[in-house]
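Peer 1: A single structure is presented below for examination.
Taken together, the values in this text are just the output of simple stated rules run on the coordinates, not laboratory data. Values in this document were obtained by computation on a predicted structure and should not be read as measured data. Positions of Cβ are generated from backbone atoms using ideal geometry, with glycine treated the same way; all protein chains shown enter the neighbour counts.
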Amino acid sequence: MSHKRLIVIGGVAAGMSAASKAKRMKRDLEVVVYEQSGFVSYGSCGLPYYVAGVVRDHTDLIARTPEEFAQRGIAVHVHHRVTEIDPARQVVRVVNLDSGQERDEPYDQLVIATGGRPAVPRDLPGKDLPGVFVMRTVEDGIAIREWLQTQWPQRVVIAGAGYIGMECAESFLGLGLEVTIVGRPPQVLKNFDPEMARLVQEELESKGARLSLGNTLMAIEGDDRVRRVVTSQGVLEADLVLLAIGVAPNTALAQEAGVEVGIKGAIVTDAHMRTNLPNVYAAGDCAEAYHRVSGRGAYIPLGTTANKQGRVAGANAAGGQATFEGVVGTAVTKVCDIHAARTGLSEKQARELGYQVNATQIKAPTRAHYYPGNSPLHVRLIVDAANGKLLGGQVIGREGVARRIDVLAAALHHGWTVEDLARLDLAYAPPFSPVWDPLLVAANVALKE
């Protein structure tokens, strides 16, 4: 067999998973990765905790360095941007960002793992002022921490009330800063149902955060640095602004090459992570994922999905026949002292897809009532009224949240009904659960409705 060459564009979760899997499967495969930032293979989900000082050094976020990948036979080039894909010639145009030199590099197989980009409006006035940040790369985290240590900001405005906005709010509050969260939707965490999101809002407000929801960011103003934020509801003084409005798929390069895109401009793939172009795969935050509950493509940019998709793309680029089985939209976040998790469809999403829905919400203790440290756990189940099939679930509380959302995720993955859930033999001991676990309580209540 002739010597083959795989090029991977993007060196974070999906890209390095693809490169590593391909090299493991086919030792004589030449694997080359181009990454435009200065770091590869890092945990971007840890950036809020680095900013807070919980993670001591940015190097702690890095799983492997380019030098370590080189020892495994994978050539990683940081500060290199791919500016063009020519599928007819099977070459990519690469720019060395340090020297400015350009060159064409041929490929036999190509994996596009260009990730997501912060969804910042291009025409937002003042977005480039010193003291205005996004949170996406290691460099972003370093820049925010440096600003905190050298400029001593006191008033922080966070634009966006999703996962990153919530986690960064916790970080800034923990540093003793005044925090205002501006969000366009009328609630935080818009993919939760309002009844559950309210619990997160109450937690933030109890810790001193100010929430300005149903509000739109209009402009950022300042001189040599940021001074204030203009919103549809008034002006907010600020000496640090974090734009956490959301994530958009970074697919301009792919689109220019003729790669088909779908939801929000994310790349459409089949179950093998193949695009519509021959020998071109896509994975991670630039790509769609099949949603097992809705049966449709979805854009849910999460590191877990990126790693799995990258692994599949890499296996197939090396000649394998791996498939990506899809997601159910599981996520968990920590907001100060509470944990919030969700999986499947929210009530709103289910109704928009045409389901007749029964929604059940209960509050039950996390431990046996007599065991110290007891706290309430809120569980919400979304059920198809027609057949009792579980469509989604949300769990919020101070402990035991992640393990319970994982049970619901497994149930959704296999298409269970709420009756199947009620029959589960779940672990019980007084320090961990009441004799009737909150999930079973919720399932039993749902069966009566």
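Peer 1: Mind listing the phi-derived Karplus ³J(HN,Hα) values for the stretch 35-52, rounded to whole Hz, using 6.51, -1.76 and 1.60 with θ = phi - 60°, and x for any glycine or proline?
Peer 2: Calculated HN-Hα couplings, in order: 10, 6, 7, x, 9, 10, 6, 10, x, 5, 5, x, 4, x, 7, 5, 4, 6 Hz.
Peer 1: Using +1 on the beta carbon of Lys and Arg, -1 on that of Asp and Glu, and nothing else charged, what's the dipole of the stretch 340-448 about the Cα centre, debye to 20?
Peer 2: My answer is approximately 280 debye.
Peer 1: Scaled to the compact-protein estimate 2.2 N^0.38 Å, what is the alpha-carbon radius of gyration of the stretch 279-399, rounded to two decimal places? Please list the in-between numbers first.
Peer 2: Values: Rg = 18.0 Å, N = 121, 2.2 N^0.38 = 13.6 Å.
This ratio for the stretch 279-399 stands at 1.32.
Peer 1: Can you tell me, using C-alpha contacts under 8 Å and at least 6 residues apart, the relative contact order of the chain as a whole percent?
Peer 2: RCO, the chain: 14 percent.
Peer 1: Can you give the translational diffusion coefficient of the stretch 1-141 in µm²/s, computed by Stokes-Einstein from the Kirkwood radius over Cα pairs at 4 °C and 1.567 mPa s?
Peer 2: Answer, rounded: 79 µm²/s.
Peer 1: What is the Cα radius of gyration of the chain over 2.2 N^0.38 Å, N being its residue count?
Peer 2: Values: Rg = 23.1 Å, N = 449, 2.2 N^0.38 = 22.4 Å.
Rg over 2.2 N^0.38 Å, computed on Cα atoms: 1.03.
Peer 1: Would you work out which of L124, A386, V78 lies farthest towards the positive end of the dipole of the chain, given +1 charges on the beta-carbon of Lys and Arg and -1 on that of Asp and Glu, about the Cα centre?
Peer 2: A386
Peer 1: Calculate the FRET efficiency for D270 and L124 from the Cβ-Cβ distance with a Förster distance of 30 Å, rounded to the nearest 0.05.
Peer 2: My answer for the efficiency is 0.25.
Peer 1: Take the chain, connect every pair of alpha-carbon atoms lying under 10 Å apart with a spring to form a Gaussian network, then pick out the residue of P48, P249, P153 with the largest mean-square fluctuation.
Peer 2: Checking each option, the largest mean-square fluctuation is seen for P153.
Peer 1: Out of all DSSP beta bridges with both ends in the chain, state the antiparallel percent to the nearest 5.
Peer 2: Working: 57 of 91 bridges.
The antiparallel fraction comes to roughly 65 percent.
Peer 1: While we're looking at this one, here's another question. Check C336: other-chain or 5+ apart residues with amide H under 5 Å from its amide H, H built from backbone geometry?
Peer 2: Correct list: E170.
Peer 1: I've got another one for you. List the extent of the Cα atoms of the stretch 183-321 along each of their three principal axes, largest first, rounded to whole Å.
Peer 2: Dimensions of the stretch 183-321 along the principal axes of its Cα atoms: 56, 40, 20 Å.
Peer 1: What do you get for Rg/Rh of the stretch 227-272 when both radii come from the Cα atoms and Rh is the Kirkwood radius? Don't skip to the answer; put the middle values down first.
Peer 2: Working: Rg = 17.8 Å, Rh = 13.9 Å.
Ratio value, two decimals: 1.28.
Peer 1: Just need the relative contact order of the stretch 340-448 here, percent rounded to a whole number, with Cα pairs under 8 Å and 6+ apart.
Peer 2: On the way: 220 pairs, mean separation 34.2, N = 109.
Rounded, it is 31 percent for the stretch 340-448.
Peer 1: Could you tell me the ratio Rg/Rh of the stretch 340-448? Both radii from Cα atoms, Rh via Kirkwood.
Peer 2: 0.97
Peer 1: Something else: Counting only helical runs of four or more DSSP H residues, what would the 222 nm mean residue ellipticity of the chain come to if each run contributes -39,500 (n - 2.57) and the total is spread over all its residues?
Peer 2: Mean residue ellipticity at 222 nm (helix-derived): -8000 deg cm²/dmol.
Peer 1: How large are Rg and Dmax for the stretch 132-245 when calculated on the C-alpha trace, in angstrom?
Peer 2: Values for the stretch 132-245 (Cα only, Rg and Dmax): 13.4, 42 Å.
Peer 1: Please order W152, W147, W436 by the number of other Cβ within 10 Å, starting at the fewest.
Peer 2: Going from sparsest to densest Cβ surroundings: W152, W436, W147.
Peer 1: Let me ask something else. Taking the Cα centre of the stretch 159-204 as origin and charging only Cβ (+1 Lys, Arg; -1 Asp, Glu), how large is the dipole, in debye to the nearest 20?
Peer 2: 220 debye
Peer 1: Based on the mean of other beta carbon atoms within 10 Å per residue, what is the order of 256-268, 391-403, 158-170, 286-298, most packed first? Let's see the in-between values first.
Peer 2: Working: 256-268: 17.4, 391-403: 22.4, 158-170: 24.9, 286-298: 20.8.
Averaged packing, sorted descending, gives the order 158-170, 391-403, 286-298, 256-268.
Peer 1: If you don't mind, another one. Return the Cα extents of the stretch 130-184 along principal axes one, two and three, sorted largest first, each rounded to a whole Å.
Peer 2: Its Cα atoms span 30, 24, 19 Å along the three principal axes.
Peer 1: Next up: Hey, which of these cross-link pairs are over 23 Å Cα-Cα: K127/K348; K207/K348; K348/K389; K389/K448; K190/K334; K207/K334?
Peer 2: K127/K348; K207/K348
Peer 1: In the chain, if the dipole is taken from +1 on Lys/Arg beta carbons and -1 on Asp/Glu beta carbons about the Cα centre, which of F324, A161, V138 is farthest to the positive end?
Peer 2: Result: F324, furthest along the dipole toward the positive end.
Peer 1: Considering only P438, L199, Y428, whose Cα is most displaced toward the positive end of the charge dipole of the chain, charges sitting on Cβ of Lys, Arg (+1) and Asp, Glu (-1)?
Peer 2: The one lying farthest along the dipole's positive direction is Y428.
Peer 1: Separation between the A219 and N444 pseudo-spin-labels, each 7 Å from Cα along Cα→Cβ, expressed in nm?
Peer 2: A separation of 6.0 nm, rounded to one decimal place.
Peer 1: Right, here's the next one. Counting only DSSP beta bridges with both residues in the stretch 132-245, tell me the antiparallel percent, nearest 5.
Peer 2: Just about 40 percent of them are antiparallel.
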